[in-house]
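A.B. asks: Please find one structure pasted underneath; my questions will follow.
None of the figures in this text is laboratory data; all of them are computed from the coordinates on show. None of the values given here were measured: they were computed from a predicted structure. As a convention, Cβ positions derive from the backbone with ideal geometry for all residues, glycine included, and neighbour counts pool all protein chains shown.
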Amino acid sequence: MSARSGIPAPHGEPEVPQQRRVLTVLVVSQILSGAGLAAGITVGALLAEEMLDSTGLAGVPSALFTAGAALGAMGVGRLCQRWGRRPGLALGYGVGALGSLGVVIAAAVDSVYLLFLSLFVYGAGTATNLLARYAGADLASPSRRGRAVSTVLFATTLGAVVGPLLVSATGEVAEAWGIPRLAGPFMLAVVAFTAAASVLGTCLRPDPLLLARDLAAAGRAPGDPGRKGEDPTARTDTRAVATGAAVMVVTQLVMIAIMTMTPVHMRAHGHGTQAAGIVIALHVAAMFMPSPLTGMLVDRLGRLWVAAASGLTLLTAGILAAVAPPHSVAALAAALVLLGLGWNFGLISGTAIVTDAVPLARRAATQGTVDVGIAMAGATGGMASGLVVAASGFPALAAGGAVLALAIVPVLAVSVRPPRATPAEAVASKQRV
């Protein structure tokens, strides 16, 4: 598929035999890590609000762990580029487990400074959870990349949905140990990230990125031994990379901003922590559960069509969140479900666009750099969300996110234009005529 045209690639190409094992290991690790990912989403803002006694700073945790995710994405991406996916992803989850433990200790000793530092480190785990999607596409043929990415993301669903639903249970365990209730989900994150790191470190063999490089060096294409492999002199399609990155950055910014302040908004209007946990669980389910369908649409309809659907879905989510009655859990849940679905469309389509555009020799580093931008967008959304709500209220934040989502449309409109010919290409074209 051309990232610019949005024309889907042909189907029916066989996969590398090792791809099934790779996907199985990634699925197991994502199920485990999803529970760790949900901790910061569900109670991070509430824990900060409780410790700081300030709604205006409730977005700081989201900003910190997404800023940490930016550093984590760069570090894990570089490690994967040099040593392969297995050591890079395993180390990233290990660092995430360390950050989660730090949050628990910070809550126990009531140290805001340690909380902020630990949330930053915890961000490495969230970055690794998203970076793992690229590993699913390393051995996939171009016509199956959307589905490969979606398989890895879908696996996150179980842990990411169960995590918020265990807010009360983990809170009771924390209280029994003399630790504040809101630290409970981070105790679960310690176990979840540690288990994910162990699974990847011991079982992700062969390493998908290293095997894909070996196949390319042997002149074979992943998925089809009879087809010629990637041209070693292939160049990065910078316009396509910019398009895919922009789609993912906008979707991340809008999603994080609205999602972060929803639990705070709900508690301010009399809803309990469990109600907020259910809404966030539905949101997280919508972020990951539709992935198989999204992957199929990306491969069959084209990357750009699904990216456009992302912008429209986020627009609808923002409008609904802005007008939803504060007392209506159902209305807020519907808005958050659409928010998660729009994010899912944007992430999978953007990932496929970027992967198509970058040759194997530079793929992991470029993917890590793109995810730095995604993480920074999340940090910006998280930090700004608390300030906007404190100044103008939650409806203003949601409406602003809806307007921002429309930025995806002009980005895609520019991407489908044919590239301007260089002077040399123009001369050659005239000579051919």
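A.B. asks: Sorted by mean Cβ packing within 10 Å, highest first, what order do the peptides 368-376, 17-25, 259-267, 119-127 take? Write out the running numbers ahead of the final one.
C.D. replies: On the way: 368-376: 22.7, 17-25: 17.0, 259-267: 24.9, 119-127: 28.3.
Peptide ranking by packing, descending: 119-127, 259-267, 368-376, 17-25.
A.B. asks: Determine the dipole magnitude for the chain: charges of +1 sit on the beta-carbon of Lys and Arg, -1 on that of Asp and Glu, nothing else is charged, the reference point is the Cα centre, and the result goes in debye to the nearest 20. Let's see the in-between values first.
C.D. replies: Details: 28 positive and 19 negative charges, 331 e Å.
Here the chain has a charge dipole of around 1600 debye.
A.B. asks: For the charge dipole of the chain, defined by +1 on Lys and Arg C-beta atoms and -1 on Asp and Glu C-beta atoms about the Cα centroid, which residue among M287, P263, L336 has the Cα displaced farthest towards the positive pole?
C.D. replies: Of the options given, the answer is M287.
A.B. asks: Could you work out how far the C-alpha centroid of the range 283-348 sits from that of the range 159-219, in angstrom?
C.D. replies: 24 Å
A.B. asks: Mean residue ellipticity at 222 nm from the helices of the chain, using -39,500 (n - 2.57) per DSSP H segment of n ≥ 4 over the full residue count, to the nearest 500 deg cm²/dmol? Each step should come with its number before you reach the end.
C.D. replies: Working: 17 runs with 341 residues, N = 433.
-27000 deg cm²/dmol, from helical runs alone.
A.B. asks: Rg over Rh of the chain, using C-alpha atoms and the Kirkwood radius, what does it come to?
C.D. replies: That ratio is 0.99, to two decimals.
A.B. asks: Along the charge dipole of the chain, pointing to its positive end and built from +1/-1 on Cβ of Lys, Arg, Asp and Glu, which listed residue (Y122, A35, L200) has its Cα farthest out?
C.D. replies: Among Y122, A35, L200, the one farthest towards the positive end of the dipole of the chain is L200.
A.B. asks: Let me ask something else about it. Among H327, H283, what is the fewest-to-most ranking by other Cβ atoms within 10 Å?
C.D. replies: So the residues, fewest neighbours to most, are H327, H283.
A.B. asks: Just tell me, in residue order, which DSSP H segments of the chain are both 30 angstrom or longer along the helix axis (alpha-carbon based) and at least -0.5 in mean Kyte-Doolittle hydropathy.
C.D. replies: Helices meeting the span and hydropathy rule in the chain are 19-52, 60-83, 85-109, 112-137, 145-165, 238-268, 303-323, 329-357, 360-392.
A.B. asks: As a test of the definition: which semi-axes, in Å, follow for the range 136-183 when you take the square root of five times each eigenvalue of its alpha carbon gyration tensor? Largest first, please.
C.D. replies: 38, 9, 5
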